[in-house]
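Report on the structure given below.
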Amino acid sequence: MEKFEKLSGIAAPLPLVNIDTDMIIPKQFLKTIKRSGLGVNLFDEMRYDREGNENPDFVLNKPAYREAQILVAGDNFGCGSSREHAPWALADFGIKAVISTSFADIFFNNCFKNGILPIVMPQEVVDVLMKDAEKGANARMEIDLEAQTVTTSDGETFSFEVDPFKKHCLLNGLDDIGLTMEKVGAIDTFEAKASAARPWV
Amino acid sequence: MSPKTLYDKIWDAHVVQEDEDGTCLLYIDRHLVHEVTSPQAFEGLRMAGRGVRAPDKTIAVPDHNVPTTEGREDPAQMTEDSRIQVAALDKNAKEFGIHYYPVDDVRQGIVHIVGPEQGWTLPGMTVVCGDSHTATHGAFGALAHGIGTSEVEHVLATQTLIQKKSKNMKVEITGKLRPGVTAKDITLSVIGKTGTAGGTGYVIEYCGEAIRDLSMEGRMTVCNMAIEGGARAGLIAPDEKTFEYIKGRPHAPKGAQWEQAMEWWKTLYSDDDAHWDKVVTIKGEDIAPVVTWGTSPEDVLPITDVVPDPESFSGGKVDAARRALDYMGLTPGQKLTDIKVDAVFIGSCTNGRIEDLRAVADVVKGKHVAEGVRAMIVPGSGLVRAQAEEEGLAEIFQEAGFEWRLAGCSMCLAMNPDQLAPEERCASTSNRNFEGRQGYKGRTHLMSPAMAAAAAVTGHLTDVRELA
């Protein structure tokens, strides 16, 4: 997995609440057996019309935001389906961080597995960041994971919380499975004990 | 010993290792797998030269993509990409030696219906699947939740998940339900009250008389939609009904192991003085038959109500409601019962079980689907279909003008050919009314099977209590 340390990029404002994973990547693109290539269909039904023409009003189609690396979104981002195709599509488009007041649980976890940093901020901070994002391409937002800060284009800095283990994995680009495999002894011991206590499992 | 919730008890019994910061390695007892969220995980195993750690605890079934029309064994019925996905599951199941129910097996069906039906899901277990509606299995007092594909690969390789414990939330439904009110109305009403993020960070335990009174099928409907309330999982403590349902199922314990299991299962309840981080109480008698009017499962109102005015909301919800009404083609103040439907979908992991089909038959017997309405019933599994045929329900449906389909997820997420056309309006027993969920620009109203059946025969959203 790619490391996430510092990011300076364009932030796109997406002030809708309850953006679900069906919106992020509709089901017709779930029929792939690969992880790559989904960026072109990110937010497909909002981004294109039926004929595949771009909707000029959608934020990521506007010239200022075509290279966006950060999304600032409304409450409860990523709700609904567990499809990891949602973070795959975001990552493939180039999005490396999403900022909202809240995220749905499964989406939140899926982000960390794909080098994307989801940042939870209180409403008043999201409001400030949303305004900053609305400034367009000239306004670059900075995110420093080590320091746990987001800095607006005006230099205003806000701190955020992140789970220490998840932070460690992102900073170092670590693969969870490899880490867990090192604990195989503990899993063996647990499994033996559990199958004695609950043999029907 | 300090008092514990049911969630605490199951959690504690599955912690392999806990780090100082509270990050745990949690052992997984059952891993359910379907064709859409697993191919990349199996591919990841192959690339890393890893195997499946516990193939005997891993169960696969294709459900999302499969057509529900007769003759579907013919691969020509699937689009090429669907066919490739189903073929990949076929190959992976054989190569890694996991339990598998292929499309032509009578036990095939929606993964969350097959698991309990075959006795794979048992009280006190940890159950995961690359699907958010894994919450369904919580009805058995199992800790069950959806995971992403990276986690699917993690569980395949290690039979564990890296997790932090959620908080405990109690949702109590007191007293009795009124006539015409069902498990679906309970679960939708809870989401209507708490919102789609109300359960974020929590595991919900549903309790109270109205929950105890539900059948296992009803309890599965309630837990199924815990995810729509944002919760990681929904739970209901096992009781005699649970044990009765499980007993004799193909993969349920037998003989001495049954007795041993029962001993533990009977300890699976929340202690009286357990700590709850959040409590929501709803009186059963206050719950009405409900429908959704918008594009979020929290957009719930009693069927007797009218389409709301977006200005009546606050914050980001004002814009969201405006957008939803525009998408749904509705006007504030319009009576919900005046909304005409073009399609009716009965099925899904929320409401595709035998009891749901019986409820539909009760409403439609001797009646006919309204003119211009296309209505389909998609049983949740091949065995549900067979039972409905044996009970004579299929005949009632067909005489009433419903299409009687083969098992699968079907129009709940419309990955197979069962889809709404743009602006087509559907009364649906599924779980999500998101934009485009049932087809591009399709309009979904969520409701109970009885309410969907009532809409089918009248051609508009209908209060099932008024239907003679």
Counting Lys and Arg as +1 and Asp and Glu as -1 over every other residue whose Cβ sits under 10 Å from the Cβ of B:Thr221, the net charge comes to -1
Here FRET efficiency (C-beta to C-beta, B:Glu311 to A:Ser36, R₀ 56 Å, nearest 0.05) is 0.80
Of B:379-388, B:165-174, A:72-81, ordering from highest average Cβ density within 10 Å down gives A:72-81, B:379-388, B:165-174
The local net charge around B:Ala370, scoring Lys/Arg +1 and Asp/Glu -1 for residues other than B:Ala370 whose Cβ lies under 12 Å from its Cβ, equals +1
Given a Förster distance of 41 Å, the FRET efficiency implied by the Cβ-Cβ spacing of B:Lys254 and A:Tyr48, rounded to the nearest 0.05, works out to 0.15
Listed by chain and number, the lysines with an alpha carbon less than 29 angstrom from that of B:Lys335, same-chain partners under 8 positions apart left out, are B:Lys176, B:Lys184, B:Lys193, B:Lys283, B:Lys317, B:Lys365, B:Lys367, B:Lys441
Mean separation of Cα contacts under 8 Å (at least 6 apart) over the residue count of chain B, i.e. the relative contact order in percent, is 17 percent
Placing one equal point scatterer on each C-alpha of chain B and summing with Debye, one gets log10 I(q)/I(0) at q = 0.09 Å⁻¹ equal to -0.56
Partner lysines whose C-alpha sits under 20 Å from that of B:Lys247, ignoring same-chain residues fewer than 8 away, are B:Lys57, B:Lys266
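Once you order the gyration tensor axes a ≥ b ≥ c over the Cα atoms, which shape class does the protein assembly as shown get: rounded for a/c under 1.5, otherwise prolate or oblate by comparing a/b with b/c?
Cα axes put the protein assembly as shown in the rounded bin.
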In Å, the Kirkwood estimate of hydrodynamic radius for the stretch A:44-112 over Cα pairs equals 13.0 Å
Output field shielding_mean for B:413-421 (other chain Cβ, 10 Å radius) holds 2
Checked the stretch B:290-466 with the C-alpha gyration tensor, a ≥ b ≥ c its square-rooted eigenvalues, rounded below a/c of 1.5, otherwise prolate if a/b is larger than b/c and oblate if not; verdict prolate
To the nearest 20 debye, the stretch B:1-288 has a Cα-centred charge dipole, built from +1 on Lys and Arg Cβ and -1 on Asp and Glu Cβ, of 200 debye
Dividing the mean separation of Cα pairs under 8 Å (6+ apart) by the residue count of chain A yields a relative contact order in percent of 26 percent
If R0 = 45 Å, then A:Asp144 and B:Ile84, at their Cβ-Cβ distance, give a FRET efficiency to the nearest 0.05 of 0.60
Listed by chain and number, the lysines with an alpha carbon less than 19 angstrom from that of A:Lys31, same-chain partners under 8 positions apart left out, are B:Lys91
So the compactness index of the stretch B:5-114, its C-alpha Rg divided by 2.2 N^0.38 Å, takes the value 1.30
Sorting A:Phe93, A:Ala194, A:Met121 by the position of each Cα along the dipole of chain A (Lys, Arg +1; Asp, Glu -1; all at Cβ), the one nearest the positive end of that ordering is A:Ala194
So B:Asp56 and B:Asp104, fully extended at 0.36 nm per residue minus their Cα-Cα distance, gain in nm 15.1 nm
Note: A:159-167 gets an average of partner chain Cβ contacts (10 Å, Cβ to Cβ) equal to 2
Output field shielding_mean for A:177-189 (other chain Cβ, 10 Å radius) holds 5
The stretch B:226-284 and the stretch A:19-66 have their Cα centres apart by a whole-number Å value of 41 Å
If each part is reduced to its alpha-carbon centroid, the stretch B:1-62 and the stretch A:170-186 end up apart, in Å, by 14 Å
Across the stretch A:63-201, qualifying lysine pairs (alpha carbons under 28 Å, at least 8 places apart or different chains) come out at 12
A correct Stokes-Einstein calculation for the stretch A:6-173, using the alpha-carbon Kirkwood radius, 37 °C and 0.692 mPa s, returns a whole-number D in µm² s⁻¹ of 206 µm²/s
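Rule-based calculations on the coordinates, nothing more; no lab input. Keep in mind that what you see is a predicted model, and the values were worked out from it rather than measured. Virtual Cβ from ideal backbone geometry, glycine too; neighbours counted across all protein chains shown.
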